[in-house]
Structure formats: structure tokens, C-alpha cells
Amino acid sequence: MELTERKKKVLRSVVDLYIRTAEPVGSKAITELPDMKYSSATIRNEMAELTAMGYLEQPHTSAGRIPSAAGYRLYVDELMMDYRLSIDETKSISSAIEEKMQRVDKMVEKVAKLVSQATDLPAISAASRQGSACVKRFDLIRAGEGSFILVLMLGGEQIVNKLIKLPVNVSETDLKLLSAVLNAGMTDIPLEDFTAELMEKVMRSAGAAASLVPVILDFTQETLKNSDSTRVAVTGQARLLSLPEYRDVDKAQRVMDSIDEEALLNLPAVMGGANGTKVLVGPENVADELKDTSVVMTKFDIGDGMQGMIGVVGPTRMDYAKVTARLSYFAESLSKMFGKPEQPQQPKLPEPPKKE
């Protein structure tokens with residue numbers, strides 16, 4: 001059988017109605033749609049053929065039809081109408097992002113919460129580095145007589161600091177020199193390039209503060225190692241309980257547990273290098289517990305070699321057009337906020353003159 005334009009129109013109408021009502025759709029409901037000019041008999045025949053082709057299912061003998069996973073897949077790929085966000089929706093998303101987002105290291109959990117609120121579905125947010133992490137800037141700040149604060153500025157404006165004991169023979173001038181040496185020779189260096197030769201070179205240039213170099217570089221290496229991992233947050237799982245598909249609490253709990261596991265282990269990797277929005281419908285999900293759910297994901301740029309991912313998990317009956325539109329707007333807004341160009345490398349400074 002051929003998938004004609006009429007069949008596509010009927011299928012789109014069935015999916016749209018089922019998304020709105022969560023009830024099986026009969027031919028009478030399709031016939032009553034204002035843009036449907038076909039007879040009830042024609043609609044019944046088309047729905048029967050769509051069922052035979054695997055795009056619709058009949059849950060009970062006397063019931064109407066519901067979309068199958070293949071029907072949802074075709075709907076997402078070809079049939080659904082674009083959803084235009086209202087001015088109120090865009091303002092709501094933009095103001096929430098501007099209010100909540102200030103630094104990338106605080107971003108993952110907050111983004112997941114905002115996406116869940118905007119879609120009324122469980123949400124996943126992740127941030128990962130494309131390539132190795134590097135320090136963009138070192139700051140050494142005197143903190144009283146016996147200590148100083150080491151501040152590392154990483155990509156995406158992530159800031160890490162540590163209080164370090166200061167030897168009595170190291171002056172304020174020595175700290176400034178060490179800071180200049182670190183910024184001249186240690187910025188934009190990936191973890192794998194930290195070598196004993198590099199440490200010796202920095203120590204030779206550090207003057208009286210040379211004894212601090214091993215402590216600083218040890219902390220820097222540990223920070224970069226931790227920064228290379230993917231950070232993931234999941235929130236809003238309990239929102240599933242308000243949906244008719246998850247009235248069975250045991251089923252809902254299994255799905256919620258699986259969302260946590262999938263989010264932490266698989267979904268950021270599934271998104272991989274794909275651009276745009278990715279939709280996994282029903283059986284396309286890896287976990288058995290998610291075979292009756294759909295996942296919608298999209299990526300955004302954080303800048304400085306980092307990339308973010310946001311997504312939602314919900315029933316296959318989710319409003320794909322609205323969800324993809326809202327996720328796309330989130331991604332666009334976050335990319336504008338965080339996707340800053342790489343800073344130019346600082347010029348190399350000459351080594352200090354050797355003491356006589």
C-alpha cells in the first residue's frame with residue numbers, strides 16, 4: 001500500500017488528537033475536524049490501512065486507534081506542524097535564563113530545572129568538554145600574612161580556587177612575578193602536556209616563589225582532570241505521575257529510575273556529534289523501561305571548547321512540536337549567553353634576570 005498524502009493527513013490528525021486527549025481516536029472525531037473533507041467511510045478505510053501498514057494500533061477491538069512508534073516517527077520526521085512560541089513564552093524562557101544563569105559551573109542543575117518547568121516533563125541537562133580542559137588564567141591573591149588564594153579560570157568562566165600556605169620568604173612582588181610566569185607559560189596547556197620539563201621551566205622563572213610551583217601545578221592537574229568529565233543533572237521525574245500513561249505507580253517508578261540511569265550513562269553519548277534536535281521514539285531507546293517513552297534532545301554551545309545538551313523524557317504521546325520549539329529556543333538563548341569566542345593567548349613574558 002502507498003502512503004498517500006491523504007493517509008498522511010489522516011495520520012497527522014490522529015496523532016494531534018491523541019496528543020491532546022490521551023484517548024483512542026475514532027473516525028468520527030477525524031471527520032468532524034474543520035479541515036477534513038473526506039467521508040466517514042473514507043476515513044475508516046484510511047485508518048484501517050494505516051493500521052495494516054503499522055502506523056496505527058487498535059488497543060481494543062471496539063476502540064479507536066492510537067499511533068504506533070512508527071507512526072510517531074513519521075509524524076516527527078515529516079508530518080508535524082511547526083510550533084511558534086508566543087511572545088509570552090519567549091519572554092518567560094529568556095527572563096528565567098538571564099536571572100538564573102551566571103556561570104557554567106552552576107548552569108547544569110539550573111538549566112535542567114528550567115527546562116522541566118517549561119515543558120512540564122522530566123528534564124536532563126549535561127555539559128561536556130570537546131577536547132582537553134585548559135586554564136585560561138591564573139590569579140594569586142595575598143590573603144593575610146601566611147597564605148594566598150590560587151584562582152584558576154577555566155573555559156566557560158568556570159572558576160576554581162584554593163587557599164595555599166605562603167612561605168615567609170615569598171613577598172607580594174614574588175607572587176606577582178609567579179602569576180605572570182604562570183599566565184605566560186601555563187595557560188591553554190592541556191593536561192596531557194603537563195611534563196616534568198614544563199614544571200622545571202616554570203620553577204626556573206619563578207624566582208623566590210619556586211617552591212610554590214609543585215603545589216600549584218598539582219592542584220591545577222587535579223582540577224583539569226575533574227573538569228574533563230561530563231556533568232549531568234536530572235530533575236522533574238515526579239511530573240510523570242500526573243500523566244495518564246503513568247497511573248501505575250510501579251511502572252512510573254521503573255521509568256523514573258531508568259531516566260536517572262540513562263541520563264547519567266547513555267543520553268549525552270547518544271546525542272554525540274549530532275546537530276540540531278534529536279528525537280528517540282519508543283523502542284529507539286536503549287533501556288527496556290523506556291520503550292514506551294520518547295526522548296527529545298538538543299545541543300548548545302558554551303564556548304571555550306565546551307558543549308551543553310538539554311533534553312526531556314516523556315510519553316510517546318508528548319507534544320513534539322511544542323517541546324522541540326521550546327528546547328530549540330532554550331538552546332539558542334543559552335548559546336548566545338555562554339558561547340563566547342576564545343580569548344587570545346597572552347604574550348610570552350621574558351624570564352626574570354638572574355640574580356648576581
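The values are calculated or read from the model by the stated rules, or taken from the named source; none is laboratory data. Just so it is clear, the model here is predicted, and its values are computed rather than measured. A quick note on method: Cβ atoms are made from the backbone with ideal geometry, for glycine too, and the neighbour counts reach across all protein chains shown.
Of the residues that make up segment 53-62, is at least one modelled with pLDDT under 90, hydroxyl-bearing (S, T, Y) and assigned by the TED database to the domain that holds I310?
No, the conditions are met nowhere in segment 53-62.
Could you tell me whether M1 is aliphatic (A, V, I, L, M) and more than 17 Å from M81 (Cβ to Cβ)?
It is true that M1 is aliphatic (A, V, I, L, M) and more than 17 Å from M81 (Cβ to Cβ).
Here is a check on your reading of the model: is A22 surrounded by fewer than 20 Cβ atoms within 10 Å (Cβ to Cβ), in contact (Cβ under 8 Å) with a residue 24 or more places away in the chain, under 24 Å from V296 (Cα atoms) and not charged (D, E, K, R)?
yes
Going by the conditions given, is M1 surrounded by 13 or more Cβ atoms within 10 Å (Cβ to Cβ) and either of a type in the set (A, V, I, L, M, F, W, C) or within 23 Å of V281 (Cα to Cα) (or both)?
So M1 does not fit the description; no.
List pairs: first in segment 288-303 and in the same structural domain as L243 (by the TED database) and modelled with pLDDT of 85 or more, second part of a strand (DSSP E or B) and basic (K, R), Cβ under 9 Å, 6+ apart or cross-chain?
So the pair list comes out as V295/K278; V296/K278; M297/K278; T298/K278; K299/K278.
Go through (1) over 30 Å from D292 (Cβ atoms); (2) not in a helix (DSSP H, G or I); (3) not polar (S, T, N, Q) one by one and return the number of the condition A233 breaks.
Status for A233: all satisfied but (1).
Given the conditions (1) surrounded by fewer than 16 Cβ atoms within 10 Å (Cβ to Cβ); (2) assigned by the TED database to the domain that holds V234; (3) hydrophobic (A, V, I, L, M, F, W, C), report the number of the one that A96 does not fulfil.
Evaluating A96 over (1) surrounded by fewer than 16 Cβ atoms within 10 Å (Cβ to Cβ); (2) assigned by the TED database to the domain that holds V234; (3) hydrophobic (A, V, I, L, M, F, W, C) leaves (1) as the failure.
Looking at segment 214-225 only, could you name the residues that are farther than 17 Å from R137 by Cβ and either part of a loop (DSSP other than H, G, I, E, B) or touching a residue at least 24 places away in the same chain (Cβ under 8 Å) (or both)?
V215, K225
Given the conditions (1) surrounded by fewer than 19 Cβ atoms within 10 Å (Cβ to Cβ); (2) touching a residue at least 40 places away in the same chain (Cβ under 8 Å), which single one is not true for L240?
In the conditions (1) surrounded by fewer than 19 Cβ atoms within 10 Å (Cβ to Cβ); (2) touching a residue at least 40 places away in the same chain (Cβ under 8 Å), L240 misses (1) alone.
Do you know which of the residues in segment 279-303 that are closer than 12 Å to A331 by Cβ and not hydrophobic (A, V, I, L, M, F, W, C) is farthest from the chain's Cα centre (by Cα)?
The qualifying residue farthest from the chain's Cα centre (by Cα) is D301.
Hey, any hits in segment 70-84 for a residue that's farther than 14 Å from K8 by Cα, crowded, with 17+ Cβ neighbours inside 10 Å and not assigned by the TED database to the domain that holds G282?
Taking every residue of segment 70-84 in turn, none turns out to be farther than 14 Å from K8 by Cα, crowded, with 17+ Cβ neighbours inside 10 Å and not assigned by the TED database to the domain that holds G282.
Filter segment 28-69 down to the residues that are part of a helix (DSSP H, G or I), small (G, A, S) and over 18 Å from K291 (Cα atoms) and list them by number.
A29, S40, A41, A48, A52
For Y72, which of the numbered conditions (1) in a helix (DSSP H, G or I); (2) at pLDDT below 95; (3) not small (G, A, S) fails to hold?
Against the list (1) in a helix (DSSP H, G or I); (2) at pLDDT below 95; (3) not small (G, A, S), Y72 comes up short only on (2).
Kindly indicate whether any position in segment 163-186 is within 24 Å of K106 (Cα to Cα) and assigned to a strand (DSSP E or B).
Checked against the condition, which is being within 24 Å of K106 (Cα to Cα) and assigned to a strand (DSSP E or B), segment 163-186 yields at least one hit.
Yes/no per residue for (1) of a type in the set (A, V, I, L, M, F, W, C); (2) at pLDDT below 90; (3) buried (at least 17 other Cβ atoms within 10 Å of the Cβ):
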site: E145; (1), (2), (3): no, yes, no
site: G156; (1), (2), (3): no, yes, yes
site: L177; (1), (2), (3): yes, no, yes
site: D188; (1), (2), (3): no, yes, no
site: P214; (1), (2), (3): no, no, no
site: N226; (1), (2), (3): no, yes, no
site: S229; (1), (2), (3): no, yes, no
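Please enumerate the residues belonging to segment 116-134 that are of a type in the set (A, V, I, L, M) and at pLDDT 90 or above.
Matches in segment 116-134: A118, L121, A123, I124.
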